[in-house]
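These notes are about the structure you will find just below.
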Amino acid sequence: MKKLIILLLPILIISCNSGPDVIDDLSDTSFELLNQDSTAVIFPDDFEGEFVVMGFIYTNCPDICSLITQNLMRIQQDMNYPDDVHFIAATFDPERDTPSILKKYGEAFGVDENFTFLTGDSTEVFALMDSSRVRSQVSMTDTTADGRELYFINHSDKIMVLDKQSRVVFEYGGSQPMIPSLVKEDLNKIR
């Protein structure tokens, strides 16, 4: 009987683990960023104790970034604006996506409370992207007739969920139409 208990103990421990697997632990990282109101934000420290649903965008994106932003908003709405979940859209284009540009972008989408846009110094932004395994690369550049540089960026399509300890526990293709229902379902399992 004693041998049977010893053999079954690892199985019981594994089966009692009710949380999802941790994909990445961001709790030991710290990024000094700015939100859309130009207020300093330390990510992820300022959101510890909350679940975070985070997407990665840039405001000049001609395609999927608006879908990622809409999906973040839809998750928030479908979950009836939960108090314990914060929604974040972080830019990987800090040169153009200043706080005021992100604020206008958010206003154009009609974002509500508990939704933060993040930007900052390019060194900090790119360090956040690296730690989140978000890749981006300028794909096309041109100069307009008035001398402005125009460029587009190829980038990762990602929404991720952080638990209350700042650990990434879920990742999704951020622009896919079924993502809001999947995120809502997964978050409800761990909340």
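The values are calculated or read from the model by the stated rules, or taken from the named source; none is laboratory data. Nothing here was measured: the structure is a model prediction, and the numbers come from that model. Cβ: placed from backbone, ideal geometry, glycine included. Neighbour counts: every protein chain shown. For the accessible areas, the whole protein counts, side chains as well, though only heavy atoms, and no ligand, DNA or RNA atoms are used. Shrake-Rupley method; radii C 1.70, N 1.55, O 1.52, S 1.80 Å.
Laid out as a table, the results:
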item	result
Given (1) under 18 Å from SER181 (Cα atoms); (2) at pLDDT 95 or above; (3) assigned to a loop (DSSP other than H, G, I, E, B), number of the condition ASP37 does not satisfy	(1)
Hits in region 53-68 - residues which are in a helix (DSSP H, G or I) and among the small types (Gly, Ala, Ser)	SER66
For PHE126: the one exception among (1) in contact (Cβ under 8 Å) with a residue 40 or more places away in the chain; (2) over 21 Å from ILE179 (Cα atoms); (3) aromatic (Phe, Trp, Tyr); (4) open to solvent by 40 Å² or more (accessible area, probe 1.4 Å)	(1)
Filter result for the condition that a residue is among the small types (Gly, Ala, Ser) and surrounded by 13 or more Cβ atoms within 10 Å (Cβ to Cβ), over SER156, SER181	SER156
Sole exception among (1) of a type in the set (A, V, I, L, M); (2) touching a residue at least 40 places away in the same chain (Cβ under 8 Å); (3) open to solvent by 70 Å² or more (accessible area, probe 1.4 Å); (4) over 19 Å from VAL134 (Cα atoms) for ILE23, by number	(4)
Condition check for TYR105: more than 16 Å from ASP24 (Cβ to Cβ) and touching a helix residue (DSSP H, G or I) at 6+ places or on another chain (Cβ under 9 Å)	yes
